[in-house]
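Trainee: Below you will find the structure I want to go over with you.
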């Protein structure tokens with residue numbers, strides 16, 4: 001009977017060892033499943049991080065573009081303000097005895113509006129363009145003021161002996 005008890009104990013020990021092996025195998029499978037799940041979540045997190053980095057790069061590019069645009073607009077505003085101050089005393093005036101309407105400086109003590117004259121159309125659009133006095137040609141006779149921004153803003157002077165010095169006569173001059 002002692003032999004049978006020893007065999008039973010050996011069988012129980014063997015069964016215990018087999019059970020421990022099954023538990024260890026089950027734990028290994030569970031760990032492998034957990035490792036697989038963890039790896040999948042790590043990959044998802046890395047993909048999310050890459051998407052965030054791409055979005056941040058796009059935002060940085062947009063920020064740089066907006067900063068550049070802001071600097072350009074600030075420079076443009078400064079130029080407009082400087083030009084506006086430079087021509088602050090200009091007013092809409094009829095010159096060449098009332099035949100041309102331009103922005104001109106206030107008349108001097110002799111009643112003459114001295115050049116430069118500004119294009120009225122451009123000034124109303126927020127641009128400051130000084131008109132160029134041109135003599136006529138064979139193809140285009142007569143004297144005129146030409147706007148450097150748009151040829152459509154050309155002002156033809158009436159016939160007569162107009163010079164840049166005497167064109168500043170206003171309606172008040174008679």
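The values are calculated or read from the model by the stated rules, or taken from the named source; none is laboratory data. What you see is a predicted model; the values in this text were computed from it and never measured. Methodologically, a virtual Cβ is constructed for each residue, glycine included, from the backbone with ideal geometry; neighbour enumeration extends over all protein chains shown.
Trainee: So, residue 4, is that one over 24 Å from the mean Cα position of the chain (by Cα), at pLDDT below 80 and part of a helix (DSSP H, G or I) or not? Steps first, please.
Mentor: Details: over 24 Å from the mean Cα position of the chain (by Cα): yes; at pLDDT below 80: yes; part of a helix (DSSP H, G or I): yes.
When the stated conditions are applied, residue 4 passes them.
Trainee: Going by the conditions given, is residue 81 surrounded by fewer than 10 Cβ atoms within 10 Å (Cβ to Cβ) and either assigned to a helix (DSSP H, G or I) or touching a helix residue (DSSP H, G or I) at 6+ places or on another chain (Cβ under 6 Å) (or both)? Give the derivation first.
Mentor: Values: surrounded by fewer than 10 Cβ atoms within 10 Å (Cβ to Cβ): no; either assigned to a helix (DSSP H, G or I) or touching a helix residue (DSSP H, G or I) at 6+ places or on another chain (Cβ under 6 Å) (or both): yes.
Taking the combined requirement at face value, the residue does not satisfy it.
Trainee: Within the range 39-51, can one find any residue that is surrounded by 10 or more Cβ atoms within 10 Å (Cβ to Cβ) and either touching a residue at least 40 places away in the same chain (Cβ under 8 Å) or touching a helix residue (DSSP H, G or I) at 6+ places or on another chain (Cβ under 7 Å) (or both)?
Mentor: No, every residue in the range 39-51 fails to be surrounded by 10 or more Cβ atoms within 10 Å (Cβ to Cβ) and either touching a residue at least 40 places away in the same chain (Cβ under 8 Å) or touching a helix residue (DSSP H, G or I) at 6+ places or on another chain (Cβ under 7 Å) (or both).
Trainee: Please work out which residue is farthest from the chain's Cα centre (by Cα), limiting yourself to the range 87-111 and to residues that are crowded, with 17+ Cβ neighbours inside 10 Å and not in a loop (DSSP other than H, G, I, E, B).
Mentor: It comes out as 95.
Trainee: Residues in the range 10-20: is at least one exposed (fewer than 10 other Cβ atoms within 10 Å of the Cβ), part of a helix (DSSP H, G or I) and at pLDDT below 80?
Mentor: no
Trainee: Moving on to the next point. Taking the range 136-156 only, how many residues are modelled with pLDDT of 80 or more and assigned to a loop (DSSP other than H, G, I, E, B)?
Mentor: Within the range 136-156, residues that are modelled with pLDDT of 80 or more and assigned to a loop (DSSP other than H, G, I, E, B) number 6.
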